[in-house]
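The values are calculated or read from the model by the stated rules, or taken from the named source; none is laboratory data. Note that the structure is predicted; figures quoted are calculated from it, not measured. Counting neighbours? That spans all protein chains shown, and the Cβs are built from the backbone with ideal geometry, glycine included. The area values use the complete protein model at the heavy-atom level, side chains included, leaving out ligands, DNA and RNA. Shrake-Rupley method; radii C 1.70, N 1.55, O 1.52, S 1.80 Å.
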Amino acid sequence: MTQPELFMAASDLDNQILSSLDSTEALLDWPKIESLLAPIYATNTGRPSYPLLTLFRSLLLGIWYKLSDVQLAQSLYRDLLFRKFCHLELTSSVPEASTLGRFRNQLVKLELWDILLAEVNNQLESKNIIMSEGRINIIDATPIEAAQSGSGNGKEGTPKKDPEAGWHVKNDSRGRQKSTYGYSVHTGVDEDGFIHSQNVTPGNVHDSQERDTLILGDEAALYADAAYSSKETRDKLEELGIEDQVQRKGYRNNPLAEEDKRRNAEIAVTRGGGERPFATYKQHYGLARTRFMGLAKNATFYGLAAMAANIKKGAKFLVLYGLPEMRTTG
């Protein structure tokens, strides 16, 4: 288990700069997170040199501050705030970039990201930060460009182009066709922008194909853009007793009626909230392009980004509506 002792006395950590992650620290029951990471100890790779929570917290910092593994390892050496959050004593060593990478690979291998996201969300629900009763579900998708999209092979003979990615083709607001080689991130969020479900697919998978993986089944209403509009969707929502707030689309020789245009405009006000995670990923976390090759690695990485976004948002809620007494856990 992670040792709770900090590297400095509490009286030495009163500086406001070193308190900016206190709400994040107080938000979760971190030992429960650690228990879900425990299977990593059971692998044949040997027990890690660092507590699992130290490594997990480090990956969150890397996402929040837009750092590569190398940059993150350097920051852990010199940044007191990072050391405090990761419970690293001042005189102790810090994880190297290769250690962080191996830990992330174990998350991929054991398929832990969705289990961890569910635990984070369950804890936020228990604090009434995420509201489940009467909630709505806003589903959407966005293309993520593959960083590895060149032709031919590299120096080691591996392909420069990510073989598991695909072409995402879509018309923009001006009707011009835009193509992106990479992946699609599909999310379902509530009205406050908390991510409750997510999936990553090759870019050529149409948004509507991930509809059922994002529907919760107990939401009061489903909001989505016209890409999800179909008789099948309407029948599905009726069967589940979910209010249909999916925008309608017109077809050749069958344009949208004025009533449907007005309905779409009304839905758009709420549906726009489904794009919040994508703005967070791309603008705040610098994740407009992938960092890794392969579907599984990218699914785990963007799963970590979903956790990072929910934890940050939850911490803001605690600050706004009442932060519990600070205590060190995990």
Of the DSSP H helices in the chain, those whose Cα atoms cover at least 15 Å axially and whose Kyte score averages -1.0 or more: 52-64, 97-109, 113-126, 295-321
Sorted peptide list for 161-167, 193-199, 176-182, criterion being average Cβ within 10 angstrom, highest first: 193-199, 161-167, 176-182
Where labels lie 7 Å past Cα in the beta-carbon direction, separation of Ser132 and Lys282 in nm: 3.2
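Among the listed pairs Lys282/Lys316; Lys231/Lys313; Lys161/Lys297; Lys66/Lys297, give every one whose C-alpha distance is greater than 24 Å.
Values: Lys282/Lys316 20 Å; Lys231/Lys313 36 Å; Lys161/Lys297 15 Å; Lys66/Lys297 17 Å.
The pairs that break the limit, which is 24 Å between Cα atoms, are Lys231/Lys313.
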Surface per residue (accessible, 1.4 Å probe) for the chain, Å²: 50
Spin-label zone in segment 249-289 - amide nitrogen under 13 Å from a point set 7 Å from the Cα of Asn171 along the C-beta vector: 249-256
Full-extension gain in nm, Tyr251 to Glu238, via 0.36 nm per residue minus C-alpha separation: 2.4 nm
Antiparallel DSSP beta bridges within the chain, as percent of all bridges there, nearest 5: 75
